[in-house]
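Presented below is the structure to which this report refers.
Here, each number is a calculation from the coordinates, and none is a lab measurement. For clarity, every value in this text was computed on a predicted model and none was experimentally measured. Using ideal geometry, Cβ is built from the backbone for each residue, glycine included, and neighbour counts are taken over all protein chains shown.
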Amino acid sequence: MDEKVFSDYEVKETSIKFEGEEGNFDRIGCVGSMEEAMNMKTISKKCEGIVVKQVTKGDGTGELKMNLHMRYEHFIKMYGMDFEGLKDGVHAYGKNSTHRRFSQVCKVLDEEGRIKYKAYPRCVITSGKATKIENGAEEVAEMEVTIGVMPDDEGNGVYEALDSELKDETIKAQWMTNFTPALVKETTA
């Protein structure tokens, strides 16, 4: 087996931080599965009607699909159900609900237990509020959410790093709690 191959196998320790909030990232809940699809665009150049050159580039946008059991406090914030005007403990979803933007980080493991860190700096739930309840089920159903990934100020929608390649211990120590694009940006003296 080629030891340089990293195959995504498990997603662990998924945490989020809402835009404008102070403090560390907070665990989202229990993630059962995560599917990532990043978008790109192809630019072509024609000469006399024939494509002579193509360049394919990422555009910083994408989509995550997650099946999970989410902490209720995050569910309420993500779906914009925490607006004022209702009594304590009451939340609602409707035309006044604005889905809140957040950042998301996680660890992905391969089948050998090696770690890859991932970060999505600008996200928003793009699916509507949906739940499934099955009386008498033998397993509690996970909720499914679709998350839009947007580019940050650097134009990046996702960051990732293999633990084995990270030399900066500060990045390893802060990725899951305090990730920002500035944390991983090369600084010039």
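Within the stretch 124-137, how many residues are loosely packed, with under 12 Cβ neighbours inside 10 Å and in contact with a Lys or Arg (Cβ under 7 Å, 6 or more places away or on another chain)?
Summing the residues that are loosely packed, with under 12 Cβ neighbours inside 10 Å and in contact with a Lys or Arg (Cβ under 7 Å, 6 or more places away or on another chain) in the stretch 124-137 gives 0.
Go over the candidates V149, V145 one by one and state the one that is more than 20 Å from E21 (Cα to Cα) and of a type in the set (A, V, I, L, M, F, W, C).
Exactly one residue qualifies, and that residue is V145.
Take the residues in the stretch 82-96 that are of a type in the set (D, E, K, R) and within 18 Å of K129 (Cα to Cα); name whichever of them is farthest from the chain's Cα centre (by Cα). Explain how you work it out, then say what you get.
First, pick out the residues of the stretch 82-96 that are of a type in the set (D, E, K, R): 82, 84, 87-88, 95.
With within 18 Å of K129 (Cα to Cα) added as a condition, the list becomes 82, 95.
On the way: D82: 22, K95: 25 Å.
Going through the qualifying residues, I end up with K95.
For G85, state whether it is in a strand (DSSP E or B) and out of contact with any Ser or Thr (no Cβ under 8 Å at 6 or more places or on another chain).
On the way: in a strand (DSSP E or B): no; out of contact with any Ser or Thr (no Cβ under 8 Å at 6 or more places or on another chain): yes.
Judged against the criteria, G85 is not a match.
Tell me whether the stretch 157-168 contains one or more residues that are in contact (Cβ under 8 Å) with a residue 60 or more places away in the chain, within 27 Å of G23 (Cβ to Cβ) and not polar (S, T, N, Q).
Yes, that holds for at least one residue.
Select from the stretch 138-189 the residues that are in a loop (DSSP other than H, G, I, E, B) and among the hydrophobic types (A, V, I, L, M, F, W, C) and write down the one among them that is surrounded by the most Cβ atoms within 10 Å (Cβ to Cβ).
The extreme case among them is F179.
Counting only residues that are touching a residue at least 24 places away in the same chain (Cβ under 8 Å) and either charged (D, E, K, R) or assigned to a loop (DSSP other than H, G, I, E, B) (or both), how many does the stretch 99-135 have?
12
Just name the residue that is surrounded by the most Cβ atoms within 10 Å (Cβ to Cβ) out of those in the stretch 34-70 that are closer than 21 Å to L109 by Cβ and free of Cβ contacts under 8 Å to residues at least 40 places away in the same chain.
So, considering only residues that are closer than 21 Å to L109 by Cβ and free of Cβ contacts under 8 Å to residues at least 40 places away in the same chain, the one surrounded by the most Cβ atoms within 10 Å (Cβ to Cβ) is E35.
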